[in-house]
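The values are calculated or read from the model by the stated rules, or taken from the named source; none is laboratory data. Every value quoted in this text rests on a predicted model; they were computed, and no experiment measured them. As a convention, Cβ positions derive from the backbone with ideal geometry for all residues, glycine included, and neighbour counts pool all protein chains shown. Accessible surface areas use protein heavy atoms only, side chains included; no ligands, DNA or RNA. Shrake-Rupley method; radii C 1.70, N 1.55, O 1.52, S 1.80 Å.
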Amino acid sequence: MPATPFDSSILSGLFACPGTARLFADSAEIRAMMLVEGALAQEQAQHGVIPETAAAAIQRAAMEAQIDPAGLTGATAQNGVSVPGFVAAFRAALPAPEHGQYLHWGATSQDIQDSALMLRLRQALVLAEADLQAVLCALARLSAEHAELPMAARTYGQHATPTSFGAVVAGWGQPLLALARELAHLRETALCVSLSGAAGTASALGPDPAAIRAGLATRLGLADPGASWHSDRTPILKIADWLTRLTLALGKMGEDLCLMTRSEIAEITQGSAGASSTMPQKQNPVAPSVLVALARHAQGLHGTLLGAALHRQQRDGAAWFTEWLCLPQLVMSAAAAVRHGKALSEGIGPRPDQMAGTLAQTGGLILAEALYFALTDRMSRPEAQAAVKALCQQAQRTGQPLAALAKDAYPDLTPGFFEPARHLGQAPAEARRFADAVTDILHASTAPA
(Lines give C-alpha, C1' and ligand atoms only; values in the text may rest on other atoms or scores of the structure.)
Protein backbone atom coordinates (compact mmCIF):
# COMPACT_ATOMS: atom_id res chain seq x y z
CA MET A 1 0.00 0.00 0.00
CA PRO A 2 1.48 3.41 -0.96
CA ALA A 3 1.94 6.31 1.44
CA THR A 4 -1.05 8.04 -0.15
CA PRO A 5 -3.62 6.35 -2.40
CA PHE A 6 -3.89 9.50 -4.50
CA ASP A 7 -0.45 8.75 -5.98
CA SER A 8 -0.94 4.99 -6.40
CA SER A 9 -1.20 3.32 -9.79
CA ILE A 10 -3.17 0.49 -8.17
CA LEU A 11 -5.62 2.65 -6.21
CA SER A 12 -5.87 5.59 -8.60
CA GLY A 13 -9.18 4.39 -10.01
CA LEU A 14 -10.68 4.53 -6.54
CA PHE A 15 -9.22 7.71 -5.14
CA ALA A 16 -7.40 9.78 -7.72
CA CYS A 17 -8.69 12.57 -9.91
CA PRO A 18 -6.08 13.14 -12.61
CA GLY A 19 -7.03 16.71 -13.54
CA THR A 20 -6.79 17.91 -9.97
CA ALA A 21 -3.73 15.76 -9.22
CA ARG A 22 -1.80 17.56 -11.95
CA LEU A 23 -2.36 20.85 -10.11
CA PHE A 24 -0.40 19.50 -7.15
CA ALA A 25 2.52 18.11 -9.09
CA ASP A 26 5.91 19.70 -8.38
CA SER A 27 6.06 21.00 -11.94
CA ALA A 28 2.68 22.71 -11.54
CA GLU A 29 3.82 24.45 -8.36
CA ILE A 30 6.98 25.67 -10.04
CA ARG A 31 5.06 26.91 -13.07
CA ALA A 32 2.60 28.77 -10.83
CA MET A 33 5.45 30.42 -8.88
CA MET A 34 7.05 31.49 -12.15
CA LEU A 35 3.79 33.11 -13.22
CA VAL A 36 3.64 35.00 -9.92
CA GLU A 37 7.24 36.19 -10.21
CA GLY A 38 6.68 37.31 -13.81
CA ALA A 39 3.52 39.23 -12.94
CA LEU A 40 5.19 40.79 -9.89
CA ALA A 41 8.10 42.03 -11.98
CA GLN A 42 5.74 43.57 -14.52
CA GLU A 43 3.75 45.35 -11.85
CA GLN A 44 6.87 46.64 -10.10
CA ALA A 45 8.21 47.97 -13.37
CA GLN A 46 4.95 49.81 -13.96
CA HIS A 47 5.45 51.54 -10.60
CA GLY A 48 9.12 52.31 -11.28
CA VAL A 49 10.43 49.93 -8.62
CA ILE A 50 12.53 47.86 -11.06
CA PRO A 51 13.65 48.61 -14.65
CA GLU A 52 11.23 47.76 -17.43
CA THR A 53 13.94 45.86 -19.29
CA ALA A 54 14.46 43.61 -16.28
CA ALA A 55 10.72 43.03 -15.93
CA ALA A 56 10.44 42.09 -19.60
CA ALA A 57 13.28 39.60 -19.26
CA ILE A 58 11.80 38.08 -16.11
CA GLN A 59 8.35 37.80 -17.66
CA ARG A 60 9.75 36.16 -20.79
CA ALA A 61 11.72 33.67 -18.71
CA ALA A 62 8.64 32.97 -16.60
CA MET A 63 6.90 31.76 -19.72
CA GLU A 64 9.81 29.90 -21.32
CA ALA A 65 12.31 28.69 -18.70
CA GLN A 66 12.32 25.13 -17.42
CA ILE A 67 13.22 24.38 -13.80
CA ASP A 68 13.79 20.80 -12.71
CA PRO A 69 11.95 20.06 -9.42
CA ALA A 70 14.62 17.55 -8.45
CA GLY A 71 17.16 20.35 -8.49
CA LEU A 72 15.35 22.06 -5.60
CA THR A 73 15.46 19.12 -3.20
CA GLY A 74 18.64 19.97 -1.33
CA ALA A 75 17.94 23.68 -0.95
CA THR A 76 14.38 23.02 0.21
CA ALA A 77 15.55 20.55 2.83
CA GLN A 78 18.00 23.13 4.14
CA ASN A 79 15.75 26.19 3.97
CA GLY A 80 12.42 24.61 4.85
CA VAL A 81 10.77 26.17 1.79
CA SER A 82 11.30 25.73 -1.94
CA VAL A 83 11.39 29.39 -2.93
CA PRO A 84 15.08 30.25 -2.21
CA GLY A 85 16.24 27.35 -4.38
CA PHE A 86 13.59 28.16 -6.95
CA VAL A 87 14.67 31.81 -7.15
CA ALA A 88 18.30 30.76 -7.57
CA ALA A 89 17.36 28.38 -10.38
CA PHE A 90 15.16 31.03 -11.99
CA ARG A 91 18.01 33.55 -11.93
CA ALA A 92 20.30 31.02 -13.54
CA ALA A 93 17.73 30.54 -16.31
CA LEU A 94 17.59 34.25 -17.16
CA PRO A 95 19.35 34.90 -20.48
CA ALA A 96 20.71 38.24 -19.19
CA PRO A 97 22.25 37.74 -15.72
CA GLU A 98 22.16 41.45 -14.91
CA HIS A 99 18.37 41.25 -14.64
CA GLY A 100 18.50 38.54 -12.00
CA GLN A 101 18.97 41.01 -9.13
CA TYR A 102 15.48 42.36 -9.78
CA LEU A 103 13.76 38.97 -9.59
CA HIS A 104 11.73 38.48 -6.39
CA TRP A 105 12.29 42.12 -5.44
CA GLY A 106 10.98 42.84 -1.94
CA ALA A 107 8.80 39.72 -1.80
CA THR A 108 9.19 36.85 0.63
CA SER A 109 8.93 33.11 0.08
CA GLN A 110 5.44 32.89 1.55
CA ASP A 111 4.16 35.63 -0.79
CA ILE A 112 5.23 33.65 -3.83
CA GLN A 113 4.20 30.24 -2.60
CA ASP A 114 0.80 31.31 -1.24
CA SER A 115 -0.05 33.28 -4.38
CA ALA A 116 0.97 30.31 -6.54
CA LEU A 117 -1.16 28.04 -4.37
CA MET A 118 -4.17 30.28 -4.95
CA LEU A 119 -3.72 30.03 -8.71
CA ARG A 120 -3.88 26.25 -8.44
CA LEU A 121 -6.76 26.25 -5.97
CA ARG A 122 -8.69 28.46 -8.36
CA GLN A 123 -8.36 25.82 -11.07
CA ALA A 124 -9.20 23.04 -8.61
CA LEU A 125 -12.48 24.83 -7.81
CA VAL A 126 -13.25 25.11 -11.53
CA LEU A 127 -12.84 21.35 -11.94
CA ALA A 128 -14.87 20.61 -8.81
CA GLU A 129 -17.64 22.94 -9.94
CA ALA A 130 -17.96 21.17 -13.30
CA ASP A 131 -18.41 17.79 -11.62
CA LEU A 132 -20.70 19.30 -8.97
CA GLN A 133 -22.97 20.71 -11.66
CA ALA A 134 -23.11 17.29 -13.31
CA VAL A 135 -24.08 15.71 -9.98
CA LEU A 136 -26.81 18.31 -9.47
CA CYS A 137 -28.18 17.76 -12.99
CA ALA A 138 -28.42 14.01 -12.43
CA LEU A 139 -29.99 14.37 -8.99
CA ALA A 140 -32.48 16.95 -10.28
CA ARG A 141 -33.56 14.57 -13.02
CA LEU A 142 -34.02 11.73 -10.53
CA SER A 143 -35.92 13.87 -8.04
CA ALA A 144 -38.29 15.23 -10.69
CA GLU A 145 -38.95 11.84 -12.29
CA HIS A 146 -39.62 10.12 -8.97
CA ALA A 147 -41.17 12.94 -6.97
CA GLU A 148 -44.25 10.80 -6.18
CA LEU A 149 -42.67 7.34 -5.98
CA PRO A 150 -43.50 6.14 -2.43
CA MET A 151 -40.89 4.49 -0.28
CA ALA A 152 -40.32 3.98 3.42
CA ALA A 153 -38.54 6.74 5.26
CA ARG A 154 -36.33 5.49 8.07
CA THR A 155 -35.29 7.16 11.29
CA TYR A 156 -32.88 5.48 13.72
CA GLY A 157 -32.82 2.65 11.18
CA GLN A 158 -36.56 1.99 11.67
CA HIS A 159 -39.52 2.47 9.34
CA ALA A 160 -40.95 5.92 10.06
CA THR A 161 -43.50 7.31 7.58
CA PRO A 162 -43.80 7.18 3.80
CA THR A 163 -41.69 9.56 1.76
CA SER A 164 -40.83 9.65 -1.92
CA PHE A 165 -37.65 8.59 -3.64
CA GLY A 166 -37.55 12.00 -5.28
CA ALA A 167 -37.54 13.67 -1.87
CA VAL A 168 -34.73 11.39 -0.68
CA VAL A 169 -32.68 12.37 -3.73
CA ALA A 170 -33.47 16.03 -3.10
CA GLY A 171 -32.19 15.57 0.45
CA TRP A 172 -28.86 14.46 -0.97
CA GLY A 173 -28.84 17.37 -3.38
CA GLN A 174 -29.86 20.28 -1.15
CA PRO A 175 -26.47 20.73 0.59
CA LEU A 176 -24.74 20.35 -2.77
CA LEU A 177 -26.98 23.05 -4.20
CA ALA A 178 -26.10 25.34 -1.30
CA LEU A 179 -22.40 24.71 -1.93
CA ALA A 180 -22.81 25.56 -5.61
CA ARG A 181 -24.48 28.83 -4.66
CA GLU A 182 -21.56 29.72 -2.37
CA LEU A 183 -18.86 29.36 -4.99
CA ALA A 184 -18.99 32.85 -6.47
CA HIS A 185 -18.61 34.49 -3.05
CA LEU A 186 -15.88 32.01 -2.10
CA ARG A 187 -13.87 32.95 -5.16
CA GLU A 188 -14.29 36.66 -4.48
CA THR A 189 -13.23 36.49 -0.84
CA ALA A 190 -10.84 33.54 -0.49
CA LEU A 191 -8.75 33.40 -3.67
CA CYS A 192 -6.34 36.12 -2.54
CA VAL A 193 -2.95 37.27 -3.68
CA SER A 194 -0.21 37.47 -1.05
CA LEU A 195 2.35 40.28 -1.13
CA SER A 196 3.54 41.78 2.13
CA GLY A 197 7.24 41.05 2.48
CA ALA A 198 9.34 39.32 5.07
CA ALA A 199 7.38 40.27 8.20
CA GLY A 200 4.16 41.55 6.69
CA THR A 201 5.29 45.19 6.62
CA ALA A 202 6.03 45.40 2.86
CA SER A 203 9.04 47.53 3.77
CA ALA A 204 11.10 46.50 0.72
CA LEU A 205 8.32 46.63 -1.87
CA GLY A 206 8.67 50.30 -2.82
CA PRO A 207 6.86 53.51 -1.93
CA ASP A 208 3.35 52.21 -2.65
CA PRO A 209 3.22 48.48 -1.85
CA ALA A 210 -0.57 48.48 -1.57
CA ALA A 211 -0.86 49.61 -5.18
CA ILE A 212 1.61 46.94 -6.30
CA ARG A 213 -0.32 44.28 -4.38
CA ALA A 214 -3.60 45.42 -5.97
CA GLY A 215 -2.05 45.45 -9.43
CA LEU A 216 -0.54 42.00 -8.92
CA ALA A 217 -3.95 40.71 -7.86
CA THR A 218 -5.48 42.08 -11.05
CA ARG A 219 -2.76 40.57 -13.23
CA LEU A 220 -3.22 37.15 -11.64
CA GLY A 221 -7.02 37.29 -11.49
CA LEU A 222 -7.01 37.01 -7.70
CA ALA A 223 -8.57 39.14 -4.98
CA ASP A 224 -6.65 41.85 -3.14
CA PRO A 225 -6.94 41.01 0.60
CA GLY A 226 -6.00 44.54 1.62
CA ALA A 227 -3.54 43.26 4.23
CA SER A 228 -1.06 40.52 5.00
CA TRP A 229 -2.49 37.06 5.59
CA HIS A 230 0.80 35.29 6.36
CA SER A 231 -0.48 34.30 9.79
CA ASP A 232 -4.20 34.75 9.16
CA ARG A 233 -5.13 31.61 7.25
CA THR A 234 -8.76 32.60 6.77
CA PRO A 235 -8.55 32.38 2.95
CA ILE A 236 -7.21 28.81 3.18
CA LEU A 237 -9.72 27.85 5.85
CA LYS A 238 -12.65 29.15 3.79
CA ILE A 239 -11.65 27.00 0.84
CA ALA A 240 -10.90 24.01 3.08
CA ASP A 241 -14.27 24.38 4.78
CA TRP A 242 -16.08 24.40 1.42
CA LEU A 243 -14.17 21.35 0.22
CA THR A 244 -14.85 19.49 3.47
CA ARG A 245 -18.57 20.21 3.37
CA LEU A 246 -18.67 19.08 -0.26
CA THR A 247 -17.01 15.80 0.67
CA LEU A 248 -19.30 15.32 3.69
CA ALA A 249 -22.45 15.98 1.65
CA LEU A 250 -21.38 13.34 -0.85
CA GLY A 251 -20.44 11.04 2.02
CA LYS A 252 -24.00 11.30 3.32
CA MET A 253 -25.26 10.15 -0.07
CA GLY A 254 -22.75 7.32 0.08
CA GLU A 255 -23.94 6.24 3.52
CA ASP A 256 -27.55 6.08 2.36
CA LEU A 257 -26.64 4.20 -0.80
CA CYS A 258 -24.66 1.64 1.21
CA LEU A 259 -27.80 0.99 3.27
CA MET A 260 -30.18 1.01 0.31
CA THR A 261 -28.10 -1.64 -1.48
CA ARG A 262 -28.15 -4.04 1.48
CA SER A 263 -29.49 -7.44 0.45
CA GLU A 264 -32.53 -7.18 2.73
CA ILE A 265 -33.39 -3.68 1.44
CA ALA A 266 -32.19 -3.56 -2.20
CA GLU A 267 -34.32 -0.55 -3.12
CA ILE A 268 -32.00 0.91 -5.75
CA THR A 269 -29.94 -0.23 -8.69
CA GLN A 270 -26.33 0.95 -8.64
CA GLY A 271 -25.57 1.25 -12.32
CA SER A 272 -22.24 -0.46 -11.67
CA ALA A 273 -21.07 -2.44 -8.68
CA GLY A 274 -18.03 -4.24 -7.36
CA ALA A 275 -17.46 -7.97 -7.53
CA SER A 276 -16.24 -10.38 -4.86
CA SER A 277 -13.24 -12.63 -5.51
CA THR A 278 -15.12 -15.68 -4.17
CA MET A 279 -18.84 -14.85 -4.00
CA PRO A 280 -20.21 -14.33 -7.51
CA GLN A 281 -23.68 -13.36 -6.30
CA LYS A 282 -22.47 -10.15 -4.66
CA GLN A 283 -22.71 -6.62 -6.05
CA ASN A 284 -20.72 -4.54 -3.60
CA PRO A 285 -21.43 -0.81 -3.22
CA VAL A 286 -17.84 0.17 -3.96
CA ALA A 287 -18.38 3.77 -5.06
CA PRO A 288 -20.72 4.62 -2.14
CA SER A 289 -18.16 3.13 0.23
CA VAL A 290 -15.43 5.30 -1.30
CA LEU A 291 -17.59 8.37 -0.71
CA VAL A 292 -17.93 7.47 2.96
CA ALA A 293 -14.19 6.83 3.33
CA LEU A 294 -13.30 10.12 1.65
CA ALA A 295 -15.71 12.00 3.91
CA ARG A 296 -14.09 10.49 7.00
CA HIS A 297 -10.64 11.34 5.65
CA ALA A 298 -11.67 14.92 4.90
CA GLN A 299 -13.01 15.36 8.44
CA GLY A 300 -9.63 14.44 9.89
CA LEU A 301 -7.68 16.63 7.48
CA HIS A 302 -9.95 19.58 8.15
CA GLY A 303 -9.50 19.20 11.89
CA THR A 304 -5.72 19.20 11.50
CA LEU A 305 -5.89 22.27 9.27
CA LEU A 306 -7.90 24.11 11.90
CA GLY A 307 -5.19 23.35 14.42
CA ALA A 308 -2.52 24.49 11.99
CA ALA A 309 -4.27 27.85 11.62
CA LEU A 310 -2.81 28.88 14.99
CA HIS A 311 0.27 30.64 13.62
CA ARG A 312 2.75 32.08 16.12
CA GLN A 313 3.78 35.70 15.70
CA GLN A 314 4.15 37.01 12.13
CA ARG A 315 5.05 33.73 10.43
CA ASP A 316 5.18 30.14 11.63
CA GLY A 317 7.08 27.37 9.89
CA ALA A 318 5.51 24.43 11.74
CA ALA A 319 1.96 25.63 11.10
CA TRP A 320 2.76 26.29 7.44
CA PHE A 321 4.36 22.85 7.01
CA THR A 322 1.28 21.22 8.54
CA GLU A 323 -0.84 23.00 5.96
CA TRP A 324 1.29 21.50 3.19
CA LEU A 325 0.72 18.02 4.58
CA CYS A 326 -3.07 18.38 4.76
CA LEU A 327 -4.42 20.78 2.17
CA PRO A 328 -3.45 18.92 -1.03
CA GLN A 329 -4.97 15.70 0.30
CA LEU A 330 -8.15 17.55 1.25
CA VAL A 331 -8.43 19.00 -2.25
CA MET A 332 -7.83 15.56 -3.73
CA SER A 333 -10.42 13.99 -1.41
CA ALA A 334 -13.07 16.45 -2.52
CA ALA A 335 -12.13 16.03 -6.18
CA ALA A 336 -12.32 12.25 -5.95
CA ALA A 337 -15.61 12.43 -4.05
CA VAL A 338 -17.35 14.66 -6.56
CA ARG A 339 -16.04 12.52 -9.42
CA HIS A 340 -17.55 9.40 -7.82
CA GLY A 341 -20.69 11.35 -6.99
CA LYS A 342 -21.09 12.24 -10.65
CA ALA A 343 -20.81 8.62 -11.81
CA LEU A 344 -23.13 7.39 -9.06
CA SER A 345 -25.84 9.97 -9.53
CA GLU A 346 -25.88 9.32 -13.26
CA GLY A 347 -26.13 5.55 -12.78
CA ILE A 348 -28.42 4.85 -9.85
CA GLY A 349 -32.16 4.27 -10.12
CA PRO A 350 -35.02 3.14 -7.89
CA ARG A 351 -36.56 -0.34 -7.71
CA PRO A 352 -40.26 0.58 -7.36
CA ASP A 353 -41.44 -2.98 -6.78
CA GLN A 354 -38.98 -3.46 -3.92
CA MET A 355 -39.99 -0.12 -2.40
CA ALA A 356 -43.67 -1.06 -2.65
CA GLY A 357 -42.91 -4.45 -1.11
CA THR A 358 -41.20 -2.82 1.85
CA LEU A 359 -44.21 -0.57 2.41
CA ALA A 360 -46.60 -3.51 2.16
CA GLN A 361 -44.56 -5.62 4.57
CA THR A 362 -45.23 -3.12 7.34
CA GLY A 363 -48.91 -4.11 7.22
CA GLY A 364 -49.86 -0.47 7.55
CA LEU A 365 -47.66 0.20 10.60
CA ILE A 366 -45.79 2.82 8.61
CA LEU A 367 -49.02 4.83 8.58
CA ALA A 368 -49.52 4.74 12.37
CA GLU A 369 -48.77 8.46 12.63
CA ALA A 370 -51.27 9.27 9.87
CA LEU A 371 -53.91 7.15 11.61
CA TYR A 372 -53.23 8.91 14.91
CA PHE A 373 -53.83 12.35 13.40
CA ALA A 374 -56.89 11.11 11.48
CA LEU A 375 -58.50 9.93 14.74
CA THR A 376 -58.09 13.34 16.36
CA ASP A 377 -61.18 14.37 14.39
CA ARG A 378 -63.29 12.14 16.68
CA MET A 379 -61.36 12.08 19.98
CA SER A 380 -58.74 13.99 21.92
CA ARG A 381 -55.09 13.68 20.98
CA PRO A 382 -54.17 11.63 24.06
CA GLU A 383 -57.07 9.28 23.36
CA ALA A 384 -56.09 8.96 19.69
CA GLN A 385 -52.49 8.28 20.60
CA ALA A 386 -53.50 5.58 23.09
CA ALA A 387 -55.92 3.99 20.61
CA VAL A 388 -53.34 3.77 17.82
CA LYS A 389 -50.65 2.50 20.19
CA ALA A 390 -52.99 -0.28 21.29
CA LEU A 391 -53.76 -1.22 17.69
CA CYS A 392 -50.02 -1.26 16.83
CA GLN A 393 -49.30 -3.54 19.78
CA GLN A 394 -52.11 -5.84 18.72
CA ALA A 395 -50.79 -5.96 15.16
CA GLN A 396 -47.27 -6.75 16.33
CA ARG A 397 -48.50 -9.36 18.80
CA THR A 398 -50.92 -11.17 16.46
CA GLY A 399 -49.25 -10.58 13.11
CA GLN A 400 -52.45 -9.04 11.73
CA PRO A 401 -52.03 -5.95 9.52
CA LEU A 402 -52.66 -2.64 11.23
CA ALA A 403 -54.71 -1.68 8.19
CA ALA A 404 -57.16 -4.53 8.80
CA LEU A 405 -57.41 -3.88 12.52
CA ALA A 406 -57.99 -0.17 12.00
CA LYS A 407 -60.69 -0.75 9.39
CA ASP A 408 -62.49 -3.09 11.76
CA ALA A 409 -62.28 -0.57 14.59
CA TYR A 410 -63.09 2.48 12.45
CA PRO A 411 -65.05 1.31 9.36
CA ASP A 412 -65.72 4.90 8.33
CA LEU A 413 -62.06 5.65 7.63
CA THR A 414 -61.55 7.34 4.25
CA PRO A 415 -61.47 4.73 1.45
CA GLY A 416 -57.89 4.06 0.44
CA PHE A 417 -56.59 5.55 3.69
CA PHE A 418 -53.81 2.94 3.95
CA GLU A 419 -52.36 3.66 0.51
CA PRO A 420 -48.88 5.13 1.18
CA ALA A 421 -49.05 7.42 -1.84
CA ARG A 422 -51.81 9.39 -0.09
CA HIS A 423 -49.47 10.29 2.79
CA LEU A 424 -46.38 11.73 1.15
CA GLY A 425 -46.96 15.19 2.58
CA GLN A 426 -44.58 17.76 1.13
CA ALA A 427 -42.19 15.14 -0.26
CA PRO A 428 -43.26 15.51 -3.92
CA ALA A 429 -43.23 19.29 -3.69
CA GLU A 430 -39.77 19.28 -2.10
CA ALA A 431 -38.46 17.01 -4.83
CA ARG A 432 -39.81 19.26 -7.59
CA ARG A 433 -38.67 22.40 -5.80
CA PHE A 434 -35.12 21.06 -5.67
CA ALA A 435 -35.20 20.13 -9.35
CA ASP A 436 -36.45 23.60 -10.28
CA ALA A 437 -33.78 25.26 -8.11
CA VAL A 438 -31.05 23.27 -9.86
CA THR A 439 -32.39 24.35 -13.24
CA ASP A 440 -32.39 27.98 -12.11
CA ILE A 441 -28.83 27.96 -10.79
CA LEU A 442 -27.44 26.16 -13.79
CA HIS A 443 -29.15 28.59 -16.16
CA ALA A 444 -27.76 31.48 -14.13
CA SER A 445 -24.23 30.07 -14.29
CA THR A 446 -24.37 29.74 -18.08
CA ALA A 447 -26.10 33.05 -18.80
CA PRO A 448 -23.92 35.70 -20.46
CA ALA A 449 -22.55 38.27 -18.05
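Three principal axis extents describe the C-alpha atoms of the stretch 275-392; from largest down they are 72, 47, 26 Å. Against the chain, whose longest principal axis comes from its Cα atoms, helix 165-190 is set at around 20 degrees.
Show me the trypsin sites (Lys or Arg not before Pro) within the stretch 380-449 that DSSP assigns to loop and that have at most 15 other Cβ atoms within 10 Å of their Cβ. Answer in residue order: no site qualifies. Annotation for the stretch 105-152 versus the stretch 43-61: alpha-carbon center distance of 36 Å. Computed from the alpha carbon positions, the gyration tensor of the stretch 133-192 leads to an equivalent ellipsoid with semi-axes of 31, 14, 6 Å, biggest first. Taking Cα atoms only, the orientation of helix 234-260 departs from the longest principal axis of the chain by about 30 degrees. Listed by chain and number, the aspartates and glutamates placed with their C-alpha closer than 12 angstrom to that of LYS389 are GLU369; residues fewer than eight positions away on the same chain are left out. Between SER164 and MET151, the built amide H atoms are under 5 Å apart, and every one of these is 5 or more places off in sequence or on another chain. For the stretch 11-166, the relative contact order works out to 21 percent when only alpha carbon pairs closer than 8 Å and six or more residues apart are counted. Which percent of the accessible heavy-atom area of the chain goes to carbon and sulfur, probe 1.4 angstrom? C and S atoms contribute 54 percent here.
Against the chain, whose longest principal axis is taken from its Cα atoms, helix 26-46 shows a tilt of about 60°. Accessible area per residue was computed with a 1.4 Å probe on protein heavy atoms; LEU243 scores about 10 Å². Taking every alpha-carbon pair in the chain and binning the separations at 20 Å intervals from zero gives 21, 41, 25, 11, 2 percent.
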